[in-house]
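A.B. asks: Below you'll find the structure I mean.
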Amino acid sequence: MDCIFCKIAAGEIAAKTVAETAKTIAFWDISPQQPVHVLLVPKIHYENIAELSTGSPEHLVDLMQLGTKVAEELSTGSFRFTFNTGVEAGQSVFHVHGHITSTTPKA
Ligand code: AMP
Ligand code: ZN
């Protein structure tokens, strides 16, 4: 399967990694929309949050825990954690990912 986030998770394509667990990788968005903009990607291919939540809830929990940890490290504690789901909602990469964004980076 030709999936860019599977390739990043496998280390086949480089990314600016922020943190990682056995189940999840966090890396800077290539086109940041906020001063903090990090993507949380499970190391297993599901198309969106709905499929991940039923297909592998343990990956979802791990992703949420790593995401909130990264958000608290990089921001003052105010952040958004969003999952664009479906083309009309702005999803452009069809390997589920959460966006951590914050306008208030930690100094
Ligand atoms: P979405 O539009 O919610 O599917 O989000 C996809 C995100 O992936 C966008 O914010 C892109 O800037 C980001 N993106 C796409 N390719 C890469 C890449 N190779 N490395 C880092 N971020 C990427
Ligand atoms: Zn994938």
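The values are calculated or read from the model by the stated rules, or taken from the named source; none is laboratory data. Owing to the predicted nature of the structure, the values given are computational and were not obtained by experimental measurement. Counting neighbours? That spans all protein chains shown, and the Cβs are built from the backbone with ideal geometry, glycine included.
A.B. asks: So in the range 68-94, with the set limited to residues that are of a type in the set (A, V, I, L, M) and under 20 Å from residue 44 (Cβ atoms), which one is surrounded by the most Cβ atoms within 10 Å (Cβ to Cβ)? Outline the logic, then answer.
C.D. replies: Kept after step one, since they are of a type in the set (A, V, I, L, M), are these residues of the range 68-94: 70-71, 74, 87, 89, 93.
Remaining after also requiring under 20 Å from residue 44 (Cβ atoms): 70, 93.
Working: 70: 21, 93: 13.
Looking at residues that are of a type in the set (A, V, I, L, M) and under 20 Å from residue 44 (Cβ atoms), I get 70.
A.B. asks: From 97, 59, which residue is under 11 Å from the mean Cα position of the chain (by Cα) and surrounded by 15 or more Cβ atoms within 10 Å (Cβ to Cβ)?
C.D. replies: Numbers: 59 fails: under 11 Å from the mean Cα position of the chain (by Cα).
Unique residue meeting the criteria: 97.
A.B. asks: Would you call residue 11 loosely packed, with under 14 Cβ neighbours inside 10 Å, at pLDDT 95 or above and either within 16 Å of ligand 2 (Cβ to nearest atom) or under 14 Å from the mean Cα position of the chain (by Cα) (or both)? Explain how you work it out, then say what you get.
C.D. replies: Details: loosely packed, with under 14 Cβ neighbours inside 10 Å: yes; at pLDDT 95 or above: yes; either within 16 Å of ligand 2 (Cβ to nearest atom) or under 14 Å from the mean Cα position of the chain (by Cα) (or both): yes.
So residue 11 passes the test.
A.B. asks: With a cut-off of at least 1 residues that are over 23 Å from residue 107 (Cα atoms) and away from ligand 1 (no atom under 11 Å from the Cβ), name the strands (runs of 3 or more DSSP E) lying wholly within the range 1-90.
C.D. replies: On the way: elements: 17-20, 24-28, 36-42, 80-82.
Here the list reads 24-28, 36-42.
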